[in-house]
Amino acid sequence: MKTMDRREFIERVMRVSLVGAVGATALPGCASWLFWRSDTPATQRVTLDSTQMQTVASLQNIMLPAGSEFPSAQDVRALPYLLAALADPLVDSDVVTRIVSGSDQLDALSRASHALAFASLATREQEKQMRAFEQASGGRAFLDAVLTFTLEALLGDPVHGGNPNEVGWRAFAIEPGFPRPVA
């Protein structure tokens, strides 16, 4: 029996929940990315430049906004968590490429339609751009990848860099399982 790591487990649970919540017909093309996994570690890692980081952080702020009853993207350290994941050689290199190119494409769409960087737009305009980008080739896969890492930062064990002081667990009244992972 093949074992499943934490990231793959969260990915599968999130996708199955999402399909159940909105219906499979609302997610065309989702099945091809539903259970991604590469057994070949990436040989080169990239980091996001400042514009890409601002774009991704803005998306995460839409996904986990401040001022709600739940922790925000900043509260759960979503961007630092994603950056650490992108540097992890065990993360599928296609996912890294998807996030790098997706952030560039989303920002380019924003600059073409508003003459402003995505991160500089008002939240309402960011949401409109996000929805428009979702329909573009590769847009949904990019947004899914960002959402996956954002939810991992919210719900993962703090030893992995997100969910500091178990803030995400406390918000959902989650008791951690034992044994807990080690760094």
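The values are calculated or read from the model by the stated rules, or taken from the named source; none is laboratory data. Bear in mind the structure is a predicted one, so any value in this text is a computation, not a measurement. Cβ sites come from the backbone with ideal geometry, for glycine too, and all protein chains shown count toward neighbours.
A few comments on the model shown:
- Cβ pairs under 9 Å, 6+ apart, first in region 127-151 and hydroxyl-bearing (Ser, Thr, Tyr), second outside any helix (DSSP H, G or I): 150/64; 150/73; 150/76; 150/162
- Sole residue being within 18 Å of residue 168 (Cβ to Cβ) and out of contact with any strand residue (DSSP E or B) (no Cβ under 6 Å at 6 or more places or on another chain), chosen from 76, 95, 56, 91: 76
- Counting only residues that are in contact (Cβ under 8 Å) with a residue 40 or more places away in the chain and either within 17 Å of residue 49 (Cα to Cα) or surrounded by 21 or more Cβ atoms within 10 Å (Cβ to Cβ) (or both), region 94-109 holds 11 of them.
- Residue 119 passes every criterion in (1) under 21 Å from residue 51 (Cβ atoms); (2) of a type outside the set (Asp, Glu); (3) free of Cβ contacts under 8 Å to residues at least 60 places away in the same chain; (4) assigned to a helix (DSSP H, G or I) apart from (3).
- Being at pLDDT below 95, under 16 Å from the mean Cα position of the chain (by Cα) and within 16 Å of residue 82 (Cβ to Cβ) is a description that does not apply to residue 102.
- Flag set for residue 69, criterion: modelled with pLDDT under 95 and charged (D, E, K, R).
- Matching residues in region 41-62 - criterion: being touching a helix residue (DSSP H, G or I) at 6+ places or on another chain (Cβ under 7 Å), of a type outside the set (S, T, N, Q), within 21 Å of residue 88 (Cβ to Cβ) and modelled with pLDDT of 85 or more: 48, 53, 56, 57, 59
- Note on region 70-110: residues that are in a helix (DSSP H, G or I) and in contact with a helix residue (DSSP H, G or I) (Cβ under 6 Å, 6 or more places away or on another chain) total 16.
- The set of residues in region 133-183 that are in a helix (DSSP H, G or I), more than 22 Å from residue 83 (Cβ to Cβ) and aliphatic (A, V, I, L, M) contains only 171.
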